[in-house]
Every structure is written in C-alpha cells, then in structure tokens.
Amino acid sequence: MSKKILSVVAVAGLASAASAQLYSNGGPAELSSGVTAANGTPNPLGEWSECGHDEIGLTKSATAGASVSGVQFRIGDDFTVPAGETWNITQITLYGYQTNGPNNSINNVNIQLWDTDPTLGGTPAQGNTTTNVLSTATASPTGLFRTFNSATVGGCGGTAPSLAREIQEMVCSVNWTVGEGTHWLDWAYTGTGTSGPWSPQLVVVPTGSGTTVPGANGLQSNTGVWGAALFTTFDGNGGTCVTLANVDPAEFPFIIDGTISGGGCEPDLTTGAIAGQPGYGVPNGILNNDDFFYYLAQFAAGNLAVADLTTGAIAGQPGYGVPNGVINNDDFFYYLAIFAAGC
C-alpha cells in the first residue's frame, strides 16, 4: 500500500515538470534483445541489440542498420499529435553507431520535420539538412551493442556476437511548434569514425519470432529519393541459405520531449476528486492528484466512457491511445504515462 502511494507522489511530481516526454517511437528498451545472444553468448559490457531470426528455420535478418552518413542517405519515421493538442518540441533523442568507433563518435546531427509523408513530395515544414542540432552524444544508458543474428537458422549459419558496434544516444535541441495530425521526422548523422554512421531499426518482436515491429513504416532517402526502408532477410529453410533482399520493413527509434499547449489536456479529467461536489468530472485546465484519483475511481467502477483510453500500452504501436471497448491494465498504464507527461 505504501509503495502505491509513493508512486502517485512521484508521478505527480513529473506531471508538473515544464518539459516531459511527449512521444516514444522506441528507445533502449525496444532496441535491446537482452544480455544473452541467441547462441548463448553473454554480453560482458551490457546488452545486445541483436538482429532477428525465425526460430523455426525459415528466415533471419542480416542487417545491422541503415546508413545515414552525410547527406546521401537519410532516415525517416512518423509520429502523431493528438487532436486538439499543440506540441512545443524542445528535444529529440536519436540512436546510432559507428563500427569500431568510440561511443561518442557521432558529432553532427541534422533533422527535418514534415507535415506530410515525404514519399508524396513537398518540402519540410521545419528544420534543414545543414544545421547541427546535436547537444550530446553518449553511450546508450544500458550499454547496447548492435550485432548480427548469432543463431544457426536452417541452412543459415549465425555470426558470432561482436562488441564493435556500441549504440550511441544523441540528444538534439530544437524549438518547433507542431499541431495535431501525423508528422514525419527525417535525419542524418556524421561522425569521426570511418564506418557509417548507421541508424539501427528496432529488433523483431518478440525476440526470435521473426515477426517485425507492428506497423513498421520507416523510410530511407538515397540522394533525395524517398522510399520504404526495407532490409535484407535470408531464407534458411530446406538446408540452403537464400538471400531475400529488401523484404524486411523497419521502424526506427526516436523520443520527443517538450510541452503541450493549446487545445485540451487529455489527462485533465476533473476539478475535484470528491464525488457529488461541483466540478467532479469536469476538466479545469489544471493537472494534479485530483485527476489521478478521479481516473482511479472511474477505472475501478468500470466506466468505459472515462477509463477506456487505449488498445495497447506500448507507445508507437497500432492502437495506442485508441479506445477499444475494454478496460484493462493497458488503459491504466496509458493514463499513468500521459499523466506523467503532463500538459
């Protein structure tokens, strides 16, 4: 009981922060495949970010990422600002690496924001391909190392895990105001190393299943021509190893921080937390513990109109933030996340 109370106090503190995480398309947790590789090799320095494979011997992914070096290659992926909200984006966190490079070798990042899918043409709404917005480049918090698939899958032999590709976390500073709707980011890196830089796609889910990230729709541009980011897969069924190029859709990790202004505030649900008093269940533009306890009460009561908020609890995946007529723990953790993000 005391642990639950402490959690509420901690969340309330986050809710009042001036800047908070607004969106995650994946970070270290989604890049990690664990501390042990598929062939049983432990990582002595942290966690592996191992390319995927199919446990029943059909396929394995053989790519370690997409090159975004200089201006020739760029990476793109999308995010959605909910209806009625305006995001003041102050920080974008990206992930990349250079083979055999130090864990802070990436020294230049430029980012653009599009209001439409870049494959449809047009021009970016904000950002450019020349301004370096990188604030810091450091090793990923959990010590992540990108490596090829290590399992022997059908007729395809695995590759021994390698500590040559330590993933770096790049924190970038921007000052963008973005309205509701779907938007796209695109970015490119340069660094002091001789390889890449490279941008890793999220690992397959669940690890070893061969199933790509649901809704994966990452883009890659080669000298300005945008298309789907598709990576090499090998078919190891039948005792042979056949290359199936450009069949594996990618999803790229990034995290957006900032503040929300204008429109409504999704977690703002009530003026007070005492049922029957004026303002109960009426938003008042202030997010505090009353809103949290109001949601808790409606969740416990099974009030679909208030408590049904999402289909799943994983940000960036299909159904996130979309009610599905069912109240379960996903709804509770979704509310916890948007409450912590603040308004």
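Things to note:
- Isolated cysteines of the chain, defined as having no other cysteine beta carbon under 4.7 Å away, are Cys51, Cys172.
- Per-residue SASA entry for Ile75, accessible area with 1.4 Å probe, Å² rounded to 10: 0
- Cα-based shape type of the stretch 275-327, given that a ≥ b ≥ c are square roots of the gyration tensor eigenvalues and the cut on a/c is 1.5: prolate
- Of the three principal axes defined by the Cα atoms of the stretch 135-233, the extents in descending order read 50, 31, 29 Å.
- When every Cα-Cα distance of the chain is counted in 10 angstrom steps from zero, the calculated P(r) takes the values 6, 23, 30, 24, 14, 4, 1, 0 percent.
- Calculated Rg and Dmax of the stretch 203-338 using C-alpha coordinates, Å: 21.5, 72
- Local net charge near Gly272, Cβ-Cβ under 15 Å (Lys/Arg +1, Asp/Glu -1): -3
- Average silhouette area of the stretch 104-162, convex hull of alpha-carbon atoms, in square nanometres: 7.6
- Phi-based couplings in Hz for the stretch 224-240 (Karplus 6.51, -1.76, 1.60; Gly and Pro marked x): x, 9, 8, x, 5, 7, 10, 10, 5, 10, 10, 9, x, 6, x, x, 10
- A 1.4 Å probe run over the protein chains yields, for the chain, 43 Å² of accessible area per residue, whole-number rounding.
- Charge tally in the Cβ shell below 10 Å around Leu287, where Lys, Arg are +1 and Asp, Glu are -1, Leu287 excluded: -4
- Point-to-point label distance, Ala301-Tyr280, nm (Cα→Cβ direction, 7 Å offset): 0.7
- Between Phe252, Phe332, Phe145, the Gaussian network model of the chain with springs among Cα atoms under 10 angstrom shows the greatest mean-square fluctuation at Phe332.
- Long-range HN-HN contacts of Thr310 with modeled amide H, under 5 Å: Asn324
- Here the gap between Ser173 and Ala29, fully extended at 0.36 nm per residue and compared with their Cα-Cα distance, gives a gain of 49.6 nm.
- In the chain, the calculated helix contribution to ellipticity at 222 nm averages -4000 deg cm²/dmol per residue, counting -39,500 (n - 2.57) for every DSSP H run with n ≥ 4.
- Farthest positive-ward along the stretch 187-343 dipole, Cα basis, beta-carbon charges - from Gly276, Gly302, Thr240: Thr240
- Given their separation in residues at 0.36 nm each and the Cα-Cα distance between them, Glu180 and Asn88 gain 32.0 nm when the chain is fully extended.
- Highest-MSF residue in the chain out of Ala83, Ala137, Ala250 [GNM, Cα springs under 10 Å]: Ala83
- Rg/Rh (Cα only; Kirkwood hydrodynamic radius) as it applies to the stretch 69-224: 0.99
- Amide H contacts of Gln91 (H built 1.01 Å from N, under 5 Å, at least 5 apart or other chain): Val174, Asp257
- Leu163 paired with Thr194, simple spin-label distance in nm, labels 7 Å along Cα-to-beta-carbon: 2.2
- Whole-Å semi-axes of the stretch 233-311's equivalent ellipsoid (Cα gyration tensor): 48, 18, 9
- Charged neighbours of Glu85, selected by a Cβ distance under 14 Å, balance to -3 (K, R count +1; D, E count -1).
The values are calculated or read from the model by the stated rules, or taken from the named source; none is laboratory data. Keep in mind that what you see is a predicted model, and the values were worked out from it rather than measured. Using ideal geometry, Cβ is built from the backbone for each residue, glycine included, and neighbour counts are taken over all protein chains shown. Heads up: the accessible areas ignore ligands, DNA and RNA and are worked out on the full protein's heavy atoms, side chains in. Shrake-Rupley method; radii C 1.70, N 1.55, O 1.52, S 1.80 Å.
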